[in-house]
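Novice: I'd like to ask you about the structure that follows.
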Amino acid sequence: MTTPTPDFIEAIRATAASLRDELVADLRHLISTPSVTGEEGAVQEVVEAQYRRLGLEIDRWEPRVADLADWAEHVTEVENYDGRPNLVGVWPGAGGGRSIILNGHIDTVEPGDRENWTYDPYGAEIVGDRLYGRGSCDMKAGQIANQYAVRILQSLDVRLNGDVILQSTISEEDGGAGALAAVLRGYRADAAIITEPTELAVVPAQGGSLMFRIDVPGRSAHAATRNEGVSAIEKAALVLAGLLAFEQERNHSIDHPLYRDIANKIPINVGTLRAGTWPSSVPELAVMEGRAGLVPGEDLDTFKAQFLDRVEAIAAADDWLREHPPIVTFLTGQFAAADVPVDAPILTTLASAHKALTGAPPAMTAVTYGADMRHFVQAGGVPCVMYGPGDVRVAHYSNEFVPISEVVTVAETLALALCAWCGVAG
Ligand SMILES: [Zn+2]
């Protein structure tokens, strides 16, 4: 890889600066077009128009449930994807260079209670450097940064050797059916970058997660004779305590170099607990649902077996549960963990581009949440990293925002990284 000249870096910066207003306008357009998971149709119209302006070769299709059958447990089960197109735009290279996928999911979570928002979640308001709105950082900003990487190079009359494949995929928030469908449709490349909010850190590893449901049985009785019953709530408390002990043990025993600084590497969270029907009855059933985390290198099926063993051991220690064992069900929307080696070429390319533009090497961190990385790595065999604008901590909350300056930095970094990765023609 040749070192970029200071003149070229300056040209990228100047071009990005001259395109800044358009970038902000395009991002505001995406934010003001709601696209909660399941309702991505309208926003994809907007993205398609943006892709057409870049002269990309467009592929737009609605994924079919049958095509995803082999990977069904990794995504949320739906009846169909009607009205929810995936979108790919290819900027073909001159040939002979490495190809790259720049992915951004276009769905968002719900805005939640509007009372908690100071800004209209779909108003795309700007205050100082912050652009507010649902989906601003997660991850419409990333989608726009991907587009402007191409835009910057086109403005500079740069022609690349390798193909650049832009993707706007659906359904990430509930399991990633869109990214998976794109991989299975044949979109593979020599590397993929997902511009999820990482605060400009390079993320080579993402945690996995498994959603579970545990039915804990009890025995009903009138509260006045409660000793004749068995409270499912009290038994659920035993199961919960056992799971938290399991979490602690796993935190001690797991040693992944990228996760050493993370206090809870593999959180086990019980998110819902429903039990009982009446204040003066002993509850006969408690249903708990939760999420357990995994680190890269852990196999989903192996972990499932360990989880079942642990629940069995918890039950075995209790007279009632031993005879009336809790029933564990794993829910759909499973996120296998994924990582790429820390010396993977795409990592070093991205890190040196970031350093060339910002003057400092990027932070390199792992994350405990799941994302679409796994589909590229596992279903596609494509080395994939995440690097993008904004802070994931504000992603699903009220007053979500993205710093505009970070969106610009990501577009600039990607433009430079594309030159190094795909090669410049002529
Ligand atoms: Zn996201």
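The values are calculated or read from the model by the stated rules, or taken from the named source; none is laboratory data. Because the structure is a prediction, the values reported are computed rather than measured. Cβ coordinates were reconstructed from backbone atoms using ideal geometry, including for glycine residues, and neighbour counts include every protein chain displayed. Keep in mind that these areas ignore ligands, DNA and RNA; they rest on the heavy atoms of the full protein, side chains included. Shrake-Rupley method; radii C 1.70, N 1.55, O 1.52, S 1.80 Å.
Novice: Looking at the square roots a ≥ b ≥ c of the eigenvalues of the Cα gyration tensor of the stretch 103-206, which shape do they give, rounded for a/c under 1.5, prolate if a/b is larger than b/c, or oblate?
Specialist: Verdict is oblate for the stretch 103-206.
Novice: So what's the gap between the Cα centers of the stretch 408-426 and the stretch 102-149, to the nearest angstrom?
Specialist: 24
Novice: Same structure again: Compute the long axis of helix 232-253 from its Cα atoms, compare it with the longest principal axis of the Cα atoms of the chain, and write down the angle in degrees, 0 to 90, nearest 10.
Specialist: 50
Novice: Suppose every K and R has +1 on its Cβ and every D and E has -1 on its Cβ; what is the size of the dipole of the chain about the Cα centre, in Debye to the nearest 20?
Specialist: Values: 32 positive and 58 negative charges, 113 e Å.
That gives the chain a dipole magnitude of about 540 debye.
Novice: Multiplying the sequence separation of TYR397 and ASP255 by 0.36 nm and subtracting their Cα-Cα distance, what value in nm do you get? Show your work: numbers first, answer last.
Specialist: On the way: separation 142, 0.36 × 142 = 51.12 nm, distance 3.10 nm.
Stretched out fully, the TYR397 to ASP255 stretch lengthens by 48.0 nm.
Novice: Counting only heavy atoms of protein chains, what accessible area per residue, in Å², does the stretch 208-330 have with a probe of 1.4 Å?
Specialist: Values: 6590 Å² over 123 residues.
Computed with neighbouring chains in place, this is 54 Å² per residue.
Novice: Pulled fully out, how much extra length does the chain show between ALA72 and THR348, if you take 0.36 nm times their separation in residues and subtract their Cα-Cα distance?
Specialist: On the way: separation 276, 0.36 × 276 = 99.36 nm, distance 3.37 nm.
Gain on stretching ALA72 to THR348: 96.0 nm.
Novice: Okay, next question. What is the percent carbon and sulfur in the accessible area of the stretch 109-201, measuring with a 1.4 Å probe over the protein chains and ignoring ligands?
Specialist: Details: 1070 of 2860 Å².
Carbon plus sulfur share of accessible area: 38 percent.
Novice: Rounded if a/c is under 1.5, else prolate if a/b is larger than b/c, else oblate: which is the stretch 208-330, with a ≥ b ≥ c the root eigenvalues of its Cα gyration tensor? Please list the in-between numbers first.
Specialist: On the way: a/c = 2.72, a/b = 2.41, b/c = 1.13.
Taking the square roots of the gyration eigenvalues as a ≥ b ≥ c, the stretch 208-330 is prolate.
Novice: May I pose another question? Determine, for each peptide in 19-32, 194-207, the mean count of other beta carbons within 10 angstrom over its residues, then list the peptides with the highest first.
Specialist: Values: 19-32: 18.4, 194-207: 24.4.
Top of the packing list down: 194-207, 19-32.
Novice: Taking +1 at the Cβ of each Lys and Arg and -1 at the Cβ of each Asp and Glu, which of TYR187, LEU200, GLY242 sits farthest along the dipole of the chain towards its positive end, judged by Cα position relative to the Cα centre?
Specialist: LEU200
Novice: How many percent of DSSP beta bridges within the chain run antiparallel, rounded to 5? If you can, show how the numbers build up before the last one.
Specialist: Details: 44 of 60 bridges.
Just about 75 percent of them are antiparallel.
Novice: As a check on your grasp of the helix formula, calculate [θ] at 222 nm for the chain: sum -39500 (n - 2.57) over DSSP H runs of n ≥ 4, divide by the residue count, round to the nearest 500.
Specialist: On the way: 9 runs with 139 residues, N = 426.
So the helix-based figure for the chain works out to -10500 deg cm²/dmol.
Novice: For the chain, what's the relative contact order in percent, using C-alpha pairs closer than 8 Å and at least 6 residues apart?
Specialist: On the way: 972 pairs, mean separation 108.6, N = 426.
Computed value for the chain: 25 percent relative contact order.
Novice: Place the peptides 35-44, 216-225, 153-162 in order of packing, highest mean first, counting for every residue the other Cβ atoms within 10 Å and averaging per peptide. Write out the running numbers ahead of the final one.
Specialist: On the way: 35-44: 19.3, 216-225: 16.0, 153-162: 17.6.
Ranked from most to least packed, the peptides come out as 35-44, 153-162, 216-225.
Novice: OK, next. Can you give me the angle between helix 404-422 and the longest principal axis of the chain, using Cα atoms only, in degrees from 0 to 90, rounded to the nearest 10?
Specialist: 70
Novice: Sticking with this structure for a sec: Working from Cα positions, state the angle (0 to 90°, nearest 10) between the long axis of helix 345-358 and the longest principal axis of the chain.
Specialist: 60
Novice: Show which aspartates and glutamates lie in cross-link reach of LYS304 when reach means a straight Cα distance below 18 angstrom and same-chain residues fewer than eight apart are skipped.
Specialist: Those aspartates and glutamates meeting the cut-off are GLU73, ASP215, GLU247, GLU249, GLU289, GLU312.
Novice: Highest first, please rank the peptides 408-415, 96-103 by the mean number of other Cβ atoms sitting within 10 Å of their residues. Intermediate results must be reported in sequence, preceding the final value.
Specialist: On the way: 408-415: 25.8, 96-103: 23.1.
The most tightly packed comes first, giving 408-415, 96-103.
Novice: I need the shape label for the stretch 355-426. Rule: rounded when a/c is under 1.5, else prolate if a/b > b/c, else oblate, with a, b, c from the alpha carbon gyration tensor. Don't skip to the end; give the middle numbers.
Specialist: Working: a/c = 2.11, a/b = 1.17, b/c = 1.80.
Cα axes put the stretch 355-426 in the oblate bin.
Novice: Work out, step by step, the length gained on full extension between LEU156 and VAL287: first 0.36 nm times the residue separation, then minus their alpha carbon distance; give nm to one decimal.
Specialist: Values: separation 131, 0.36 × 131 = 47.16 nm, distance 5.90 nm.
Separation in residues times 0.36 nm, less the Cα-Cα distance, equals 41.3 nm.
Novice: Let me ask you something else. Between the stretch 321-376 and the stretch 1-39, how many Å separate their Cα centres?
Specialist: The stretch 321-376 and the stretch 1-39 have Cα centres spaced 25 Å from each other.
Novice: May I pose another question? With the radius of gyration and the Kirkwood radius both derived from the Cα set of the stretch 46-159, what is their ratio Rg to Rh? It would help to have the intermediate numbers written out before the result.
Specialist: Values: Rg = 17.5 Å, Rh = 17.0 Å.
My calculation of the ratio gives 1.03.
Novice: While we're on this one: Considering the alpha-carbon set of the chain alone, what are its Rg and its Dmax in angstrom?
Specialist: Cα only, the chain: 23.7, 87 Å (Rg, Dmax).
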